[in-house]
1. In this structure, is GLU428 over 22 Å from the mean Cα position of the chain (by Cα) and either within 14 Å of GLU562 (Cβ to Cβ) or of a type in the set (S, T, N, Q) (or both)?
2. Just one of (1) more than 12 Å from ARG343 (Cβ to Cβ); (2) surrounded by fewer than 24 Cβ atoms within 10 Å (Cβ to Cβ); (3) of a type outside the set (Ser, Thr, Tyr) trips up GLY270, so point out which.
3. In segment 343-378, which residue that is of a type in the set (Asp, Glu) and more than 17 Å from VAL318 (Cβ to Cβ) is most open to solvent (accessible area, probe 1.4 Å)?
4. Which pairs do you get when a residue that is without any contact (Cβ under 8 Å) to a residue 40 or more places away in the chain and over 23 Å from HIS391 (Cα atoms), found in segment 448-470, comes within reach of a residue that is in a loop (DSSP other than H, G, I, E, B) and open to solvent by less than 40 Å² (accessible area, probe 1.4 Å), reach meaning Cβ atoms under 6 angstrom, with the pair 6+ apart or on two chains?
5. What do you reckon, is TYR588 more than 30 Å from SER423 (Cα to Cα), touching a residue at least 12 places away in the same chain (Cβ under 8 Å) and hydroxyl-bearing (Ser, Thr, Tyr)?
6. If a residue must be touching a Phe, Trp or Tyr at 6+ places or on another chain (Cβ under 8 Å), part of a helix (DSSP H, G or I) and not hydroxyl-bearing (Ser, Thr, Tyr), how many such residues does segment 18-33 contain?
7. Could you list, in sequence order, all residues of segment 233-249 that are open to solvent by 10 Å² or more (accessible area, probe 1.4 Å) and part of a strand (DSSP E or B)?
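The values are calculated or read from the model by the stated rules, or taken from the named source; none is laboratory data. If you're wondering where the values come from, they're calculated on a predicted model, not measured in any experiment. Cβ placement follows ideal geometry from the backbone for every residue including glycine, while neighbour counts extend to all protein chains displayed. Protein only, heavy atoms only, side chains kept; ligands, DNA and RNA dropped before computing areas. Shrake-Rupley method; radii C 1.70, N 1.55, O 1.52, S 1.80 Å.
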Amino acid sequence: MASKKEYTVNVAYTTPSGRMHIGHGLGHTISDVALRYGALRQRRDTFFGFGMHSTGKDLIKNLLKLSEEEQLSEALTQYNISKQKRDEIISRESLQEQINELVEEYRRQYQEVIENLGVAMNYDSFFSTHQETNQRYTQWTLRKLDEKGLIIETDSDRPYCPKCDDIKHIDKDLSEVSAVGKVDWNGLRIEDGEIIGGSFECRLHSGEKIIVMRRKERAINYGDPQMQQKTVELTNRMEVFPRKYKSDLEGIIRTRLAKPFERKAQENVGAISPFDPTKRVEALSDSNIYMEFYALSQLINQGKLKPENLTDKFFDYVYLGEGNVDTVAKNSGAEKEIIEEAREHVNSIYPVDISIAGFEHLTVHTPFSLFTHAAVLPERYFFPEYIVTSHVTRDGEKMSKSKGNVVYLDELLDLTKREGGLSGLSEEASLDAVRFFLSYYQNLDRDFDWNDENFKSSGIKGMRRYVMGVIEAAKSLGGLEERVLELKDKWFSTLDQRTIREITGKMDEKDSRGALVALVDIRGKALSAYLSSPELNKVVLSRFLINQINMGYPIMPRVTDELRKIYFQGASLEWPSVNPEVIFPEEYEMIEHEMKGNIYEKNLLGEINALLGKMFGRREIVAGETITIVSPTIYQTQILYKQKISLSNKLNLRFIADSRVEKIEIRKEK
């Protein structure tokens, strides 16, 4: 079995229904930053699949609106389709051909936008859930669930659209219904034949009220206690960012119930149910392990695999390692060499190292996906890491087409081309300003509130400051020579190494904002201070600048690639590691004191007083005790010895230096 070669990320695939907006941009940027950083750290190639979730009624609804001459201009604007392209699509004879054309148009549009955003997607892995190849994979998934006893029949009251003559799923992403007025999501339920907590209309038939209907249906039993337990155990091994959501996942997984997964085949797009040819699989049930299909989709797009090759035995062998290649070749009609290639390709890409999903998916898609991974695939496919992204608002308000306040990515990228030019760098590189702002301004723990002026000041101008700082410093290297290190050189070298450690820690925690603050603000100010020195050291400055460029790469890949090629042609792209040999703690503290003056002493004293006050307040230390204040450097110890420290009249204080500690510590005498 081939070993894993690629560093792989996945973000929720897009629904083909209009223009990509800033929410897509945030998700794709977070994913791409994590991808580039992880691959750089582990020295692996990258893999980022590209697909579309076409399941449901939306495509058919869009085609119906595009086929009507009345209000056509509004429909063309809403769905971002030109009149010429619309005529081409509508002229196709069959509905399937029309769907193919519409999906292909959105594939072209989305790929153009994502490429302009600088996302390193594997565009040759593209698939859409309306395609037969992916539908065969979905059918296999459901049959595997059935083999585990996880497909059951339910008899319950369900949300129902009379015009569709079909049930409707109600959840926060409103994929099948529209809310009428406010919704009490915590209290939403069906009781005595009524929907309590909200009123809803069908998305396909505007104005058609959703009612309640008693139905018998096949369902995936997400409430199975044994499989829930296995899912929880695997989830407990997973790193979740932000950390606060890790504790929520067990409760979410354990409170899921059986969920019906079939819809009427008519007026729906998606896989035909493997249990009933008159039904199709709905959108929340064909999107649970779709991310593991991208590897096969590459081979399908290369013409190496055909739909008829994708039998259950083929999937069993490739994903589960069951059976033998001779039997699979006979059953599927695929060549043995291709079957083995498919298996090796899957094993080289998976598991997905980091899966990224929006907060709105935390109670819907996320538990279903984790459950299905646990039920169908070997444990090694389970995600090692999971990122939950935040909501995106604009100027404090929810974005919506009806309010006209949606930030569309194509418009934002065009604005950046006009106003974000960088002297000496390409127009393409300037587009990294969008990535820079989304990384600098976002925090996974809170909603991302978009503001146009903030983008221009913190995004466009902020990245420009970073670029100009590097260029100015790089140009000064020409006249420099190697020389013995002076105090200021040692200070600058130490700051370089310490911020490498800080930025690496922030990136490990998926805190791109914290990483950029250290990279652009802290290191940027230090660079300016060093450049004002009468004498510069070529080795120290070159090392700093190469590190500055390479640590900016995950967030600004095009900018940093161009800076490296222009000013450091021989330098390789690699994430820097801390080198203790070029860290000089004593000299660092001396220069810090020289630069900051009394503020340095006040900060040092404030740190000690805060530590002692906290320990005294907690009664961890009492009056009369002997306390040792341990500093990382002799210089700090000497400064502290001269200061008037609070509680010094109540405690016996000793001062020592210990280079093994990273920050000041308080130790009690034993």
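1. Here the answer is yes, as GLU428 does meet what is asked.
2. Going through the list (1) more than 12 Å from ARG343 (Cβ to Cβ); (2) surrounded by fewer than 24 Cβ atoms within 10 Å (Cβ to Cβ); (3) of a type outside the set (Ser, Thr, Tyr), GLY270 breaks only (2).
3. If we take residues in segment 343-378 being of a type in the set (Asp, Glu) and more than 17 Å from VAL318 (Cβ to Cβ), then GLU360 is most open to solvent (accessible area, probe 1.4 Å).
4. Cβ pairs passing all conditions: none.
5. Yes; evaluated as a whole, the condition is true for this residue.
6. 3
7. The one that is open to solvent by 10 Å² or more (accessible area, probe 1.4 Å) and part of a strand (DSSP E or B): GLU239.
One line per residue, one yes/no per condition, for (1) open to solvent by 10 Å² or more (accessible area, probe 1.4 Å); (2) outside any helix (DSSP H, G or I); (3) closer than 23 Å to HIS53 by Cβ:
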| position | (1), (2), (3) |
| --- | --- |
| GLY251 | yes, no, no |
| LYS279 | yes, yes, yes |
| ASN288 | no, yes, yes |
| MET291 | no, no, yes |
| ALA295 | no, no, yes |
| GLY303 | yes, yes, no |
| GLU308 | yes, no, no |
| TYR319 | no, no, yes |
